[in-house]
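Some notes on the structure that comes next.
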Amino acid sequence: MDSVLGFDGAQNCFEQVIVLTVYIVTTLCLKKGMNHFVLVVYRHFATTFAIAPFALVLERKIRPKMTLSVFLKIMLLAFLEPLLQRLHLLVSMSSQPLPSSWPQSSAKKQWDPTS
């Protein structure tokens, strides 16, 4: 099977690499002491600036006019769902220890193969 839900293998692999990179950077930021709320805001700003131009250009003429009711519902979900989901993820990530193979701070003793 070459395609799963319209995605080919290379695109799916690229997506997984991006997700893994974001997970590692997020975990390291939390371990360095970054506030959960600050990290959520930074991630939302970065995602908005990366995706908004594509959405404005590619979907400008294929969507119907938006009513005020639809707009308010979308905005409510857009503010609440990702925020709550990210906070839940970050709290669970900060309570888990880093795997021993990940780099630790330089203040800790380095692994010595002779001991």
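The values are calculated or read from the model by the stated rules, or taken from the named source; none is laboratory data. Because the structure is a prediction, the values reported are computed rather than measured. In case anyone asks, the SASA skips ligands and DNA or RNA and just uses the protein heavy atoms, side chains included. Shrake-Rupley method; radii C 1.70, N 1.55, O 1.52, S 1.80 Å.
Restricting the range 1-44 to residues that are at pLDDT below 85 and of a type in the set (Phe, Trp, Tyr), which is least open to solvent (accessible area, probe 1.4 Å)? Residue satisfying both the conditions and the ranking: PHE7. Residues that are hydrophobic (A, V, I, L, M, F, W, C) and modelled with pLDDT of 80 or more were ranked within the range 63-77; the one that is farthest from VAL22 (Cα to Cα) is LEU68. For the range 56-71, residues that are open to solvent by 100 Å² or more (accessible area, probe 1.4 Å) and part of a helix (DSSP H, G or I) total 4.
So which residues in the range 14-58 are of a type in the set (D, E, K, R) and under 16 Å from PHE79 (Cα atoms), if there are any at all?
Within the range 14-58, the subset of a type in the set (D, E, K, R) is 15, 31-32, 43.
Within the range 14-58, ARG43 is the sole residue that qualifies.
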